[in-house]
Amino acid sequence: MENVYDILLERGLIAQTTHEEEIRELLGKEKVTFYIGFDPTADSLHIGHFLQMVVMRHMQLAGHRPIALVGGGTAMIGDPSGRTDMRQMMTPETIRHNSECFKKQLSCLVDFSEGQALMVNNADWLLDLNYVEFLREIGAHFSVNKMLTAECFKQRLEKGLSFLEFNYMLMQSYDFLMLNEKYGCKIELGGDDQWSNIIGGINIVRKKRGEQVYGMTFTLLTNSEGKKMGKTAKGALWLDPVKCTPYDFYQYWRNVDDADVCRFLRLVTFVPMDEIREMEKWEGSDLNKAKERLAFEVTKMVHGEEEALKVQEAAKAVFGGGGNNADMPTAEIENIGEGMNILDLLTVTNLAPSKGEARRLVQQGGISVNGEKVTDTAHMVTGADFTDGECIVKKGKKVFLKVICK
């Protein structure tokens, strides 16, 4: 069987490793227990987490055992990595609810059946710690001067780093120690912004247990310009279908830039590399086929094949003039009588946040009704625009809305 390290490397997933040759050798010769941490700061995972889930799946398919560590304890403090402000405190009830949501979403890629993977909550050991003992046993091994050189702390120092957050690195390092003791965990994985925390964990395991453990970080999901991905016009690209509809989720991937599509196919799908290498030769309109494949594969993994087929049909109805538009995003309006001004229609359906923005969109040619561009701000949408009580309004190149007149 091919070494999973080579698979991850070929697909461009690996950012940094602590001991490259040792990790590759370890993953090739034995079944390894590894972990990735997820702080339950929301009731849904987002697409940044999804990349970590894909890595877990690659590792599990190669016979290694994942531990999904839910940060029920660390979430009470908050990770300063990548933050310019302090996270809000959450109640234990909220953390518990969010953790349950995480396991359901993780299960779309990770097999949690008997012995295949574990889900562990660090609240089990962090919440009952004796603070003085913790400082003596763990804190004594950390240099404040060295900690302050970590990128996660340097960013926060500009606006003020609380002592609460300063403890985060110690607690996450302690997690690795506990997982090593309890489950024989040998590798911590995470996003590249977790590098300093991972190093802290490796050092504390070596100092307290005399064992060599390892760390590996993965590429953050960015576009070809280096900008972080995962935002839609409506906010974060959540995995929860209520927070981000399967249609919007599909369209996000369908509309990625030409320069990004093959890279994303490597990073967040399991499409064989031979197929992706062929797609890398494609140009022009052929790249739309690659985008459709990307959108379908990711949507299928997150929302299931049936839902992916539905939204694919809905997208074809909009972009190709065929298919079924039943799953297109919709908005209902009351009977418009003799007609409704286009500016009112845009604001009532939330396609524009205000009449001023609606006016700008119309004047700049960014609005179409049933395929016909509307440039007159006095334009009236009438009953004649509705077929079987429905019309399609398009904003820009990518946003479509089915308006239903009751």
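The values are calculated or read from the model by the stated rules, or taken from the named source; none is laboratory data. Quick caveat, the model's predicted, so the values are computed rather than measured. Don't worry about glycine lacking a Cβ; one is built from the backbone with ideal geometry, like all the others, and counts go over all protein chains shown.
Below, the figures for the structure above:
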| read-out | value |
| --- | --- |
| Filter result (farther than 16 Å from HIS64 by Cβ and charged (D, E, K, R)) within the range 93-113 | GLU93, ARG96, GLU100, LYS103, LYS104 |
| Pair list, Cβ < 7 Å and 6+ apart or interchain, from the range 10-28 residues that are under 17 Å from LYS186 (Cα atoms) to residues that are acidic (Asp, Glu) and assigned to a helix (DSSP H, G or I) | GLN16/ASP192 |
| Any chance GLY321 is surrounded by fewer than 16 Cβ atoms within 10 Å (Cβ to Cβ), among the small types (Gly, Ala, Ser) and at pLDDT 80 or above | no |
| Residue check for GLY235: on the phi > 0 side of the Ramachandran plot and at pLDDT 85 or above | no |
| Boolean, LEU401 is surrounded by 14 or more Cβ atoms within 10 Å (Cβ to Cβ), in contact (Cβ under 8 Å) with a residue 12 or more places away in the chain, closer than 20 Å to VAL311 by Cβ and touching a Pro at 6+ places or on another chain (Cβ under 9 Å) | yes |
| Residue within the range 348-371 that is touching a Cys at 6+ places or on another chain (Cβ under 7 Å) and surrounded by 13 or more Cβ atoms within 10 Å (Cβ to Cβ) present | yes |
| Subset of the range 91-128 that is more than 20 Å from the chain's Cα centre (by Cα), small (Gly, Ala, Ser) and in a loop (DSSP other than H, G, I, E, B) - its residue that is surrounded by the most Cβ atoms within 10 Å (Cβ to Cβ) | ALA117 |
| Count - residues of the range 354-406 that are modelled with pLDDT of 90 or more and among the basic types (Lys, Arg) | 2 |
| Among the residues listed as ALA378, ALA331, the single one being surrounded by fewer than 16 Cβ atoms within 10 Å (Cβ to Cβ) and assigned to a strand (DSSP E or B) | ALA331 |
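Rundown of residues vs (1) at pLDDT below 85; (2) touching a Gly at 6+ places or on another chain (Cβ under 7 Å); (3) not aliphatic (A, V, I, L, M), yes/no style:
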site: THR91; (1), (2), (3): yes, no, yes
site: GLU100; (1), (2), (3): no, no, yes
site: VAL120; (1), (2), (3): no, no, no
site: TYR131; (1), (2), (3): yes, no, yes
site: LYS159; (1), (2), (3): yes, no, yes
site: PHE166; (1), (2), (3): yes, no, yes
